[in-house]
Amino acid sequence: MTVTLRPYQTALLDGARQAFRERKRAVLLQLPTGGGKTVSGSKMIEGSSAKGNICWWLAHRRELIGQTSKTFAAMGIQHGVIAGGHSSDPAKRVQIGSIQTVARRLDSLTPPDLIIFDECHHLGASQWQKVFEAFPDAKIIGLTATPWRLDGKGLGQWFEDMINGPTVSELMDEGALSRYRLFAPTQIDTGAIKIQAGDFKKDDLAAAMDKPSITGDAVAHYLKLCRGKRAVAFAVNVEHSQHIAAQFNANGVPAEHVDGTMDAASRDGAIQRFIAGETLVLTNCELFGEGFDVPAIEAVILLRPTKSLSLHLQQVGRALRPAPGKAEAIILDHAGNSLNHGLPDDDREWTLADREKRKAGDKATVAIKTCLECFHVYRPAPKCPQCGHVPEAQGREIEQRDGELAEVDPAVLRAARKQEERRAQSVDDLIALGKARGYKNPVAWAAKFHAARQAARSRYQPGYGGGRMYG
């Protein structure tokens, strides 16, 4: 099969090659979930191996290894697989490897010239680190949609340069990702849940979320908003995931639970039944946040609150791949993660630096309002941008029912966002706005935004030749 890269994929690889020409050893390629990281990296493997180089593609899950192997086979890239349950073929110049298996066999393997780490935001874990350090002469490519570790640490310790692909919104505009409808809870309380290693403590989180009323509400909203669609549900732990599947089945919705302890045949069978539409809801715990690339997924059900932006975006991204007959993705956010982390297609500034930690007093959530007239959800504004309704006096709480989902209208939110930015005229205003939105580095964002605004204005001064305005 001949693969033709999209222009942004070609630009991504050109950026990596230029970095290597500048004698940088490790380069990170950032591309949103669904943007084609596997195909892009495969073309680099194809070109490098054709020159006689030994190339490794490393991943940490069976599903990632299997999907990459299928892509290589479709492209005619001959390869071996270094993973449990596979017969290795060391004569092949290209090897797809399990991080865990490769880390155990380093002394017996031919040193590679190029290593591609898939989902490289896991670097820092012991086995990943062991492989990374074992071959100092090898060129390194990292692939990820979210270049922060789940604890918010940046990847600058491992990578010298990062090449950014297009944003989620840009990919949606060109049809490379699906549009979506987002429904978020009108209220959620995680205040009593303890924090451990930068995220909610799992035991406390499971106790708060694994309740028949919450799961029942998820089932009810699935039936109301996306009945008959294939959905992936994200749970807190294995027991929670099993309970979710049981309640969907009890309500006549074919559902299955999968987890990492299941044998390969059972997991693969459940996935194949889901792809075929025999199973409509597939529930899991931290299994399909990455590497589960099934374009037919029409909805995601979030039942696992998290403080990790990376984890949230990885989960939401499962539903954003376009597919024939798929008009849009449905996101049912019962965890309230969208209120903390924003919309899937919000503009985000990815860097190799650590994500700035919120200071005491900084706003922890993305402020939104629900219009009582048309039920659109929007960022704070004097009136509803959709219908013009003026809410009651500030400070008065709107009475809302637990568990009720309200639809988030991205177009409305983006319009309100632009209004906020227009009102913020000074750098200090922009810094305050960045803090209110929970940006990782509001000072840097404000400076960059202000500079872009000034540059855009200068283009339209007399004597300038015109051009497109950005900012």
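The values are calculated or read from the model by the stated rules, or taken from the named source; none is laboratory data. Being a predicted model, the structure only gives us computed values, none of them experimental. Note that we place each Cβ from the backbone using ideal geometry, even for glycine, and neighbour counts take in every protein chain shown.
Give the residues of region 191-230 that are over 24 Å from the mean Cα position of the chain (by Cα), of a type in the set (Gly, Ala, Ser) and either loosely packed, with under 14 Cβ neighbours inside 10 Å or farther than 23 Å from Thr279 by Cα (or both), sorted by residue number.
Within region 191-230, Gly191, Ala192, Ala207, Ala208, Ser213, Ala220, Gly228 qualify.
Considering only region 137-166, state which residues are assigned to a loop (DSSP other than H, G, I, E, B) and under 21 Å from Ile297 (Cβ atoms).
Answer for region 137-166, where residues must be assigned to a loop (DSSP other than H, G, I, E, B) and under 21 Å from Ile297 (Cβ atoms): Ala145, Thr146.
Given the conditions (1) out of contact with any Lys or Arg (no Cβ under 8 Å at 6 or more places or on another chain); (2) closer than 21 Å to Ala207 by Cα; (3) part of a helix (DSSP H, G or I), which single one is not true for Asn249?
(2)
Surrounded by 15 or more Cβ atoms within 10 Å (Cβ to Cβ), touching a residue at least 40 places away in the same chain (Cβ under 8 Å), part of a loop (DSSP other than H, G, I, E, B) and not aliphatic (A, V, I, L, M), is that true of Lys43?
no
Would you point out which residue out of Ile301, Ile271, Ile297, Ile331 is surrounded by fewer than 22 Cβ atoms within 10 Å (Cβ to Cβ), in contact with a Leu (Cβ under 9 Å, 6 or more places away or on another chain) and closer than 30 Å to Ala197 by Cβ?
Criteria check complete, one pass: Ile271.
Assess whether Ile77 counts as being in contact with a Ser or Thr (Cβ under 6 Å, 6 or more places away or on another chain) and farther than 30 Å from Tyr180 by Cα.
no
I'd like to verify a number: residues in region 60-116 that are surrounded by fewer than 12 Cβ atoms within 10 Å (Cβ to Cβ) and among the acidic types (Asp, Glu), how many?
So the answer is 1.
Going by what's in this entry, would Ile140 be described as in contact (Cβ under 8 Å) with a residue 12 or more places away in the chain, buried (at least 21 other Cβ atoms within 10 Å of the Cβ) and touching a Phe, Trp or Tyr at 6+ places or on another chain (Cβ under 6 Å)?
no
Tell me, please, whether a residue that is at negative phi, β-branched (Val, Ile, Thr) and not in a helix (DSSP H, G or I) can be found in region 22-30.
Scanning region 22-30, I find at least one residue that is at negative phi, β-branched (Val, Ile, Thr) and not in a helix (DSSP H, G or I), so the answer is yes.
In the list Ala192, Ala184, which residue meets the criterion of being in contact with a helix residue (DSSP H, G or I) (Cβ under 7 Å, 6 or more places away or on another chain), outside any helix (DSSP H, G or I) and assigned by TED's automatic domain parsing to the domain that holds Thr306?
It is Ala184.
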